[in-house]
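The values are calculated or read from the model by the stated rules, or taken from the named source; none is laboratory data. The shown structure was predicted, so the numbers you read here are calculated from the model rather than taken from an experiment. Neighbour counts run over all protein chains shown; Cβ positions are idealised from the backbone, glycine included.
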Amino acid sequence: QVRMVESGGGLVQAGGSLKLSCAASGRTFSNYVMGWFRQAPGKEREFVAAISQSDTSTIYGDSVGGRFTISRDNAKNTVYLQMNTLKPEDTAVYYCAGVFSYGLTYRASEYNYWGQGTQVTVSS
């Protein structure tokens, strides 16, 4: 079992920045592809970003590319999401997720482990 706890969410003005963290425990963190997803009220869960086990490959959702950066520190069992130039449409609950996989994936259904989520609210 892998337990994940997100932190770093909050209220920020449009154009501002936030950095989310997700601390994992329970199994060998470095074996897992890690991803970030988000879900706004009344909308489906949306892929944000994913990073490979060794931090050599990343993929991003179309709506955040160029503004968000995913990274990880395997020594600290933590994955991060740096969010810059935030927009009101970025408002959502952000979830980190993990999967033991040989390749990056944007499909939420393929991730086995999920955190409880952290709220990000961007005011206009």
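Selection over the range 94-124 of residues that are crowded, with 18+ Cβ neighbours inside 10 Å and farther than 22 Å from T28 by Cα gives a count of 4. Restricting attention to the range 79-124, the residues being on the phi > 0 side of the Ramachandran plot and among the β-branched types (V, I, T) number 1. Counting only strands (runs of 3 or more DSSP E) that fall entirely inside the range 40-99 and contain at least 3 residues that are under 16 Å from G117 (Cβ atoms), the qualifying elements are 46-51, 78-83, 92-99.
Assessment of the range 43-55 against the conditions (at pLDDT below 95 and exposed (fewer than 15 other Cβ atoms within 10 Å of the Cβ)) yields at least one matching residue.
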